[in-house]
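Trainee: Before I ask anything, let me first share the structure, which is written out below as C-alpha cells.
The values are calculated or read from the model by the stated rules, or taken from the named source; none is laboratory data. Note that the coordinates shown come from a computational prediction; the quantities given were computed from them, not determined experimentally. Using ideal geometry, Cβ is built from the backbone for each residue, glycine included, and neighbour counts are taken over all protein chains shown. Surface areas here come from the heavy atoms of the whole protein model, side chains and all, with no ligands, DNA or RNA. Shrake-Rupley method; radii C 1.70, N 1.55, O 1.52, S 1.80 Å.
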Amino acid sequence: RAFATKLMDRICADVSCLVRRALSVTLQNSRNLPRHIALALIEDIDSIAVPILASSPVLEDQDLVDVLQSGAADKIRAIAQRKTISLHVSHAIVSFGDSAATARLAVNDGALISSETAEMIADLHADDDLIRDAALSRHDMPPAVITKLIEHSAGKVEANLKAFPGISDSRAAKLSKDIRERSQSYIIGENWPQNRLRDYARELDKSGKLTPRFILRCAGRGDIRFVVMGLSLLAGQSLAKTRLMVFVSSGLGLKALALRARFSVPQLELLTACVET
C-alpha cells in the first residue's frame, strides 16, 4: 500500500494531463484512493477533476462545498450527479451553480433536497422548463413549492395569451385557470402517502385553490383519496368521519358533506356519479 501510494503521488505530479486523467478515471470509484491524492485531483483541470468529483467515495461534504464555492461550472455539474448528495451539498449546488447544475440536481433521486433548497429552486429557476418539470416530478418536493411552480407557469400562460391577437383578457384568464386546475390535479401521485396528500390539500386551501370545482376534477380522474381529503378540509371535519360519509351506501352522508363544503346541486350530482363509479 505504501508503494502504491508513492506511485500514485508520482503519477499525480506527472506533467502530462493524459497520465493524470488516466489515474482519475481508473480510481474514480475506488475506496482505496488516498484522500490527499483525491484532493489534488479535484484541484486539477476539469477533465481530470470531474471523474473524481462525480464518483469518488473518499471525498467529504466539506471537500465538495469548497469546490462548489470556487464557481467552476463543469466541476459543480459533476458534483450534482453524484449517487448520493447531502442536504448541505444540495443547497450549495443551487447557491453556487448554474441552471444546468440545478437541473442535474433536480433529476437526481439520490440528492436530498430540503424545503429551503426547494424554495430557492422555485424562486431562481421557475422560468426554466427543464428544471421546473424535474422538480415537479420529484417525490420529495414540498407541496408549497409544487403550487408555486404551477402558479408561476399558469401566470406565464395567461400573460402570453393576453398578448395573442384576438384573445380577450377574460378568455385568457379562464384558459389559464383551467390549465392551473388541470395541472394541480394531474400532479397528484397515485402512491402519495396520506400526509403528503394532506399537506398538498392544505396548501391549496390556504391559497384559495381548493374549491368544489377542483375536487370535481380529481373525482373525474378517479382520485377518490384526494376527494375525501379535500372534502374533509372544506367541510371542516375529521378525515375518518368524512371517509365514512363518502362511502356510506345511502348517499345521504355524501350529500350532507358536499353541501357543507359549498357544492352546488349540479356539482353534487357530478360528485355522486363519480363516487358511485
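Trainee: Restricting to the range 230-260, name every residue that is under 17 Å from Gln194 (Cα atoms) and open to solvent by 30 Å² or more (accessible area, probe 1.4 Å).
Mentor: Leu233, Ser238, Leu239, Ala240, Lys241, Arg243, Leu244
Trainee: Let me ask another. Could you tell me whether any residue of the range 145-168 is among the basic types (Lys, Arg) and closer than 17 Å to Leu197 by Cα? First the steps, then the outcome.
Mentor: If we filter the range 145-168 for residues that are among the basic types (Lys, Arg), which is where we start, we get 148, 156, 162.
Now narrow it down to the ones that are closer than 17 Å to Leu197 by Cα: 148.
Yes; the residues of the range 145-168 include at least one that is among the basic types (Lys, Arg) and closer than 17 Å to Leu197 by Cα.
Trainee: Looking only at the range 17-65, which residues are under 26 Å from Ser99 (Cα atoms), in contact with a Leu (Cβ under 9 Å, 6 or more places away or on another chain) and among the charged types (D, E, K, R)?
Mentor: Correct list: Asp63 only.
Trainee: Can you say whether Lys177 is in a helix (DSSP H, G or I), within 29 Å of Val275 (Cα to Cα), open to solvent by 30 Å² or more (accessible area, probe 1.4 Å) and touching a helix residue (DSSP H, G or I) at 6+ places or on another chain (Cβ under 8 Å), as far as the supplied structure shows?
Mentor: Numbers: in a helix (DSSP H, G or I): yes; within 29 Å of Val275 (Cα to Cα): yes; open to solvent by 30 Å² or more (accessible area, probe 1.4 Å): yes; touching a helix residue (DSSP H, G or I) at 6+ places or on another chain (Cβ under 8 Å): yes.
For Lys177, the condition - in a helix (DSSP H, G or I), within 29 Å of Val275 (Cα to Cα), open to solvent by 30 Å² or more (accessible area, probe 1.4 Å) and touching a helix residue (DSSP H, G or I) at 6+ places or on another chain (Cβ under 8 Å) - is met.
Trainee: What about Arg198, is it more than 18 Å from Ser232 (Cβ to Cβ) and surrounded by 15 or more Cβ atoms within 10 Å (Cβ to Cβ)? It would help to see each step written out before you state the result.
Mentor: Working: more than 18 Å from Ser232 (Cβ to Cβ): no; surrounded by 15 or more Cβ atoms within 10 Å (Cβ to Cβ): yes.
Against the criterion (more than 18 Å from Ser232 (Cβ to Cβ) and surrounded by 15 or more Cβ atoms within 10 Å (Cβ to Cβ)), Arg198 does not qualify.
Trainee: Just checking: which of the helices (runs of 4 or more DSSP H) contained wholly in the range 181-258 hold 3 or more residues that are within 16 Å of Val275 (Cβ to Cβ)? Outline the logic, then answer.
Mentor: Details: elements: 194-206, 212-220, 224-235, 239-247.
Result: 212-220, 224-235, 239-247.
Trainee: For the range 38-53, name all the residues that are surrounded by fewer than 21 Cβ atoms within 10 Å (Cβ to Cβ) and in a helix (DSSP H, G or I).
Mentor: Let us first name the residues in the range 38-53 that are surrounded by fewer than 21 Cβ atoms within 10 Å (Cβ to Cβ), namely 39-40, 43-47, 51.
Within the range 38-53, Leu39, Ala40, Asp46, Ser47, Pro51 meet the criteria.
Trainee: Sticking with this one: Mind checking which residues of the range 1-26 are among the aliphatic types (A, V, I, L, M), surrounded by 10 or more Cβ atoms within 10 Å (Cβ to Cβ) and not in a helix (DSSP H, G or I)?
Mentor: Correct list: Ala13 only.
Trainee: Among the residues of the range 133-143, which ones are open to solvent by 30 Å² or more (accessible area, probe 1.4 Å) and either assigned to a helix (DSSP H, G or I) or acidic (Asp, Glu) (or both)?
Mentor: Of all residues in the range 133-143, those open to solvent by 30 Å² or more (accessible area, probe 1.4 Å) come to 133, 136-137, 139-140.
Across the range 133-143, the qualifying residues are Asp133, Leu136, Ser137, Asp140.
Trainee: Still on this model: Can you find a residue in the range 99-118 that is without any contact (Cβ under 8 Å) to a residue 24 or more places away in the chain, out of contact with any helix residue (DSSP H, G or I) (no Cβ under 7 Å at 6 or more places or on another chain), surrounded by fewer than 20 Cβ atoms within 10 Å (Cβ to Cβ) and under 23 Å from Leu204 (Cα atoms)?
Mentor: The initial filter retains those residues of the range 99-118 that are without any contact (Cβ under 8 Å) to a residue 24 or more places away in the chain, namely none.
No: zero hits.
Trainee: Right, next: I'd like the full set of residues that are buried (at least 20 other Cβ atoms within 10 Å of the Cβ) and assigned to a helix (DSSP H, G or I), limited to the range 54-90.
Mentor: Leu64, Val67, Leu68, Lys75, Ile76, Arg77, Ala78, Ile79, Val89, Ser90
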